Amino acid sequence: MAVDRIIDGELLSEQEESFNFSLRPKLLNECVGQESIKEKLSIAIAAAKQRGEPLEHILFYGPPGLGKTTLANVVANEMGASVRCSSGPAMVKQGDVMGLLSNVNTGDVLFIDEIHRLSTAVEEFIYPAMEDFKVDFTVDSGLHAKTINFPLKRFTLIGATTRAGLLSAPLRSRFGMLYHLDFYSSEELTAILVRSAKLLGLKYEPSTLEMIAARSRGTPRVANRLLKRVRDYAQVKGSGLLSSEIVSSSLEMERIDALGLDDLDRSFLRALANVYEGGPAGIDAIAATLGEERDTLEDVVEPYLLQIGFLRRTNRGREITQTACKHLGLKYHTKKNDQ
Ligand code: ADP
């Protein structure tokens, strides 16, 4: 269900990847928003450059599409370093990690996406790499097993995760800088869209980018994806100009409402309101009702609903709020803590 979801953080097609790539800021001053993170990063980068040392390891965490990969690449560019990318699920064996680590040069950035999904064995294998820039690599097995101590160049590991809570304490403590990325304001998203529209050579009525920004769930990836859908629609149904009529009809066709909610958000809230009388309901139960993955709900549906006050997370489960019921025209079951 909803695999091709506009807000989905994963499953980028090749075309989508190259589209994202072309819009991805390369330097800190091209990045919009996240001011406090940018300031701290620019100080750390300037200091490391002055000392002629690589940067400390960095962890970026927050919901999908907020710019973790972008910032990792920006940091590498600002340091004048190359970046090698991998992801938690792709690093299965010690050998996979060795392949990456033995090729990094001094100052290079090793980017590991979804770092919370590293196996314990791989995680333990990279601790000495992060701390002392060496690894103990086991060759052969059984009686012939030998551990070889392998020195590495000093590199910077940048990890990204949507679930900082799932990171083990030892791994987390090996990062020198930990930054939580926040949702973007409508003004910031509009600025991102102005930049993207310019890069794509689009003609638009100014209010249209604000309209798209307001429906982008605080997320640059969603903003850029909506812009792409609207661009296609304007090209086929109109003259290519993004006018307010074209943008409204295109967003209506995508079934995105005025707050940026789509079918999956609405099904989630409706299930909670109708099947579970507004909650509290466990996330596994809601996932089973919707036939969706629990991870998808936790990563891409809930963060925004929590942010806009449509959902409450209590220790007994999820609860829908009165505001959400009002928005969707649903019956609200008064909760004990409402009184
Ligand atoms: P994440 O790694 O957190 O899932 P990405 O770094 O892939 O997110 O960002 C998704 C897209 O959003 C990028 O392709 C980029 O075009 C855009 N983007 C992200 N952050 C910014 C920013 N600060 N300013 C402008 N565009 C951004």
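The values are calculated or read from the model by the stated rules, or taken from the named source; none is laboratory data. Fair warning: this is a prediction, and the values are worked out from it, not measured in the lab. A quick note on method: Cβ atoms are made from the backbone with ideal geometry, for glycine too, and the neighbour counts reach across all protein chains shown. Accessible surface is based on the protein model in full, side chains and every heavy atom, while ligands, DNA and RNA are left aside. Shrake-Rupley method; radii C 1.70, N 1.55, O 1.52, S 1.80 Å.
Give me the net charge for the shell around residue 210: Cβ to Cβ below 14 angstrom, other residues only, Lys and Arg +1, Asp and Glu -1. Provide the component values of the computation, followed by the final result.
On the way: positive: 215; negative: 187, 188, 205.
Summing Lys and Arg as +1 and Asp and Glu as -1 gives -2.
Which of 50, 34, 235 moves the most in a Gaussian network model of the chain with Cα springs under 10 Å?
The residue with the greatest mean-square fluctuation here is 50.
Quick one: dipole size for the range 124-206, taken about the Cα centre, charges +1 on Lys/Arg Cβ and -1 on Asp/Glu Cβ, in debye to the nearest 20.
220
Give the carbon-plus-sulfur fraction of the accessible surface of the range 263-338 in %, rounded to a whole number; probe 1.4 Å, heavy atoms of protein chains only. Display every interim value, and only then the final one.
Values: 1620 of 3720 Å².
That share works out to 43 percent.
For the chain, with a Gaussian network of springs between Cα atoms less than 10 Å apart, report the residue from 132, 140, 257 with the top mean-square fluctuation.
Comparing 132, 140, 257 in a Gaussian network model of the chain, the most mobile one is 140.
Using 0.36 nm times the number of residues separating residue 298 and residue 93, minus their current alpha carbon distance, what extension gain do you get? Working shown, then result.
Values: separation 205, 0.36 × 205 = 73.80 nm, distance 2.78 nm.
Here the answer is 71.0 nm.
Considering the chain as a Gaussian network with a 10 Å cut-off on Cα pairs, which listed residue, 218, 95, 52, attains the greatest mean-square fluctuation?
Looking only at 218, 95, 52, the biggest GNM fluctuation is shown by 52.
To the nearest 10 square angstrom, what accessible area does residue 150 show with a 1.4 Å probe?
70
Can you compute the radius of gyration and Dmax for the chain, using only the Cα atoms, both in Å?
Using the Cα atoms of the chain, the pair Rg, Dmax is 22.5, 73 Å.
Calculated FRET efficiency, residue 316 and residue 266, Cβ-Cβ r, R0 25 Å, to nearest 0.05?
On the way: r = 24 Å, r/R0 = 0.94.
With a Förster radius of 25 Å, E is 0.60.
With an 8 Å cut-off on Cα pairs and a minimum separation of 6 or more residues, tell me the relative contact order of the chain in percent. Please report the intermediate quantities before stating the final value.
On the way: 484 pairs, mean separation 53.9, N = 339.
Once normalised by length, the contact order is 16 percent.
Could you do me a favour and compute the accessible area per residue for the range 34-180, 1.4 Å probe, result in Å²?
Working: 6870 Å² over 147 residues.
Averaged over the residues of the range 34-180, the accessible area is 47 Å².
If r is the Cβ-Cβ distance from residue 27 to residue 237 and R0 is 45 Å, what FRET efficiency results, to the nearest 0.05?
Numbers: r = 36 Å, r/R0 = 0.81.
Using R0 = 45 Å, I get an efficiency of 0.80.
Expressed in nm to one decimal, what extension gain is obtained for the pair residue 45 and residue 124 from 0.36 nm per residue of sequence separation less their Cα-Cα distance? Kindly include the intermediate steps, with their values, before the conclusion.
On the way: separation 79, 0.36 × 79 = 28.44 nm, distance 2.78 nm.
Stretched fully, the residue 45-residue 124 segment lengthens by 25.7 nm.
Expressed in nm to one decimal, what extension gain is obtained for the pair residue 198 and residue 169 from 0.36 nm per residue of sequence separation less their Cα-Cα distance?
On the way: separation 29, 0.36 × 29 = 10.44 nm, distance 4.34 nm.
Stretched out fully, the residue 198 to residue 169 stretch lengthens by 6.1 nm.
Once you have the Kirkwood Rh of the range 263-338 from its Cα pairs, apply Stokes-Einstein at 10 °C and 1.306 mPa s and quote D in µm²/s. Don't skip to the answer; put the middle values down first.
On the way: Rh = 12.0 Å.
Result for D is 132 µm²/s.
So what is Rg over Rh here for the range 186-253, counting just Cα atoms and using Kirkwood for Rh?
Working: Rg = 10.4 Å, Rh = 11.4 Å.
Radius of gyration over Kirkwood radius for the range 186-253 works out to 0.91.
May I have the convex hull volume per residue, in Å³, for the Cα set of the range 133-268? Don't skip to the answer; put the middle values down first.
Values: hull volume 29.1 nm³, N = 136.
Value for the range 133-268: 214 Å³ per residue.
How far apart, in nm, are the 7 Å Cα→Cβ label points at residue 149 and residue 333?
For the pair residue 149/residue 333, the computed spacing is 6.3 nm.
Heads up, I need the accessible area for residue 270: 1.4 angstrom probe, whole protein in place, Å², nearest 10.
100
Calculate for the chain the 222 nm mean residue ellipticity that helices alone would give, adding -39,500 (n - 2.57) per DSSP H run of length 4 or more and normalising by residue count, nearest 500 deg cm²/dmol. Walk me through the numbers on the way to the answer.
Details: 14 runs with 145 residues, N = 339.
Helices in the chain give a 222 nm mean residue ellipticity of -12500 deg cm²/dmol.
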